[in-house]
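J.: What follows is a single structure, and I will ask about it in a moment.
Coordinate-derived values only; no laboratory data. As the structure is a computational prediction, the values presented were derived from the model and not from experiment. All Cβ positions, even for glycine, are placed from backbone atoms using ideal geometry, and neighbour counts span all protein chains on display.
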């Protein structure tokens, strides 16, 4: 199974059981605090997330996989380059995981191939494939199966690979030997808590999604709260700050798969160019990308916010750049969506 997983592009594989009762109190407390924000699906499935055998009756074991995703076609990919990109006010910054092909498609198809190879050796068995697509406690399953430990930023960390990786699961109806969990190696480090622009990591291992830039730019579909707008800066889809600052990510691995190669249009895009994307262009440029799921309206809201933040930094832009951004924003001032209208109006007031 290990060799088949490697051949399919998985970096690590583990196995665990279906008893997650120890994780239930933490899940209930997180939901009770409202930290899931408007992600109502997190609450609607209740404790089924912690009960794999209820989600898929007959499940006895869970096979977990890790797939590294840092793109192989970007020469300068480091924490230093990431901080530099955040200083380029005229550019938009897209979270690294979203610069290539939609990971849901990549992992799902390869997990299915892994199942087929197992079935060829062991005979047919009941199964179901998951990758961030159902009420599954992916991080909890990954930790229990030894893929890493839960970092203070709530992501799974691995000593040899940091945290720039995707997780996937294969629920199966047969008993398999479990792999051992690994110990926590965060120690006294608090770098991820300290760096978070919106202080979304409210305590070690506690994330308030309502403050998280990834949540605000991807999951949240209304106006972005005023108090977080300046802190978002030029991030237009997601945020990687708590990953780049993590010392373990100096060991993060490049992906050997061309699927995760970064698209040029999403690597260091100019905001003025992105403001020129109508819906048809957005759909064409994000075809096969995870970004497409947020739709053009939410994308436009994010780009307009970044443009406003750029205009608020007059020393960062030339006069021509300022005028070009203002013209790009003006084009959407009468957009049919009230959220876009409000965001554009706010952004045009910046730096005046």
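J.: If only Cα atoms are counted, what is the Rg of region 279-352, and what is its Dmax, in Å?
T.: Calculated on Cα positions, Rg and Dmax stand at 13.0, 39 Å.
J.: At each listed q (0.16, 0.21 Å⁻¹), what is the log10 of I(q)/I(0) that the Debye formula gives for region 85-181 modelled as equal alpha-carbon point scatterers?
T.: -0.83, -1.23
J.: Sticking with this structure for a sec: If I model a spin label at residue 203 and residue 47 as a point 7 Å from the Cα along the Cα→Cβ vector, what separation in nanometres do I get?
T.: Those two pseudo-labels are separated by 2.2 nm.
J.: Be a star and scan region 295-311 for residues whose amide nitrogen sits under 14 Å from the point 7 Å along the Cα-to-Cβ vector of residue 104.
T.: Flagged as within label range: 295.
J.: So what's the back-of-envelope 222 nm ellipticity for the chain, counting only DSSP H runs of four-plus at -39500 (n - 2.57) apiece and dividing by all residues, rounded to 500?
T.: -10000 deg cm²/dmol
J.: Then there's this: Rounded to the nearest 0.05, what FRET efficiency do residue 178 and residue 333 give with R0 = 56 Å and r taken as the Cβ-Cβ distance? Could you check?
T.: Taking R0 as 56 Å, the efficiency between residue 178 and residue 333 is 0.45.
J.: If you don't mind, there's one more thing I want to ask. Hey, what's the per residue convex hull volume over the C-alpha atoms of region 250-308, in cubic angstrom?
T.: That works out to 111 Å³ per residue.
J.: Working from Cα positions, state the angle (0 to 90°, nearest 10) between the long axis of helix 103-122 and the longest principal axis of the chain.
T.: Here the helix axis deviates by roughly 10 degrees.
J.: Return the FRET efficiency for the residue pair residue 6, residue 88: r is the Cβ-Cβ distance, R0 is 35 Å, and the value is rounded to the nearest 0.05.
T.: 0.40
J.: A further question on this structure: For region 39-94, divide the Cα radius of gyration by the Kirkwood radius and give the resulting Rg/Rh value with two decimals.
T.: Rg/Rh for region 39-94 comes to 1.25.
J.: Can you give the angle from 0 to 90° between the axis of helix 319-330 and the longest principal axis of the chain, with both taken from C-alpha atoms, to the nearest 10?
T.: 70
J.: Another question about this same structure. Using the 2.2 N^0.38 Å rule of thumb for compact globular proteins, work out how region 59-135 stacks up: its C-alpha Rg over that value, please.
T.: Relative to the rule-of-thumb radius for its length, region 59-135 sits at 1.57.
J.: Let me ask something else about it. With the calculation restricted to Cα positions, what are the radius of gyration and Dmax of region 121-229 in angstrom?
T.: Every Cα atom of region 121-229 included, Rg and Dmax give 17.2, 57 Å.
J.: How big is the Cα convex hull of region 233-338 in projection, averaged over all directions, in nm²?
T.: Mean projected area of the Cα convex hull: 8.5 nm².
J.: When the chain is fully extended, how far beyond the present Cα-Cα distance does residue 297 get from residue 125, taking 0.36 nm per residue of separation?
T.: Length gained, residue 297 through residue 125: 57.6 nm.
J.: Still on this model: So how tilted is helix 338-348 from the main axis of the chain? Cα-based, degrees 0 to 90, rounded to 10.
T.: 50
J.: I'd like the Kirkwood hydrodynamic radius of the chain, using the inverse of the mean 1/r over distinct C-alpha pairs, in Å.
T.: In the chain this quantity evaluates to 21.4 Å.
J.: How big is the Cα convex hull of region 120-165 in projection, averaged over all directions, in nm²?
T.: 4.8
J.: Label points 7 Å out from Cα along the Cβ direction at residue 315 and residue 278: separation in nm?
T.: According to this spin-label approximation, the distance is 4.1 nm.
J.: If you don't mind, another one. Rounded, prolate or oblate: which fits region 2-61 when a ≥ b ≥ c are the square roots of the eigenvalues of the alpha-carbon gyration tensor, with rounded for a/c under 1.5 and prolate only if a/b beats b/c?
T.: Prolate, since a/c reaches 1.5 and a/b exceeds b/c.
J.: At 0.692 mPa s and 37 °C, plugging the Kirkwood radius over alpha-carbon pairs of region 186-263 into Stokes-Einstein gives what diffusion coefficient in µm²/s?
T.: Here the translational diffusion coefficient equals 233 µm²/s.
J.: How big is the Rg/Rh ratio for region 168-218, C-alpha atoms only, Rh by Kirkwood, two decimals?
T.: My calculation puts Rg/Rh at 1.17.
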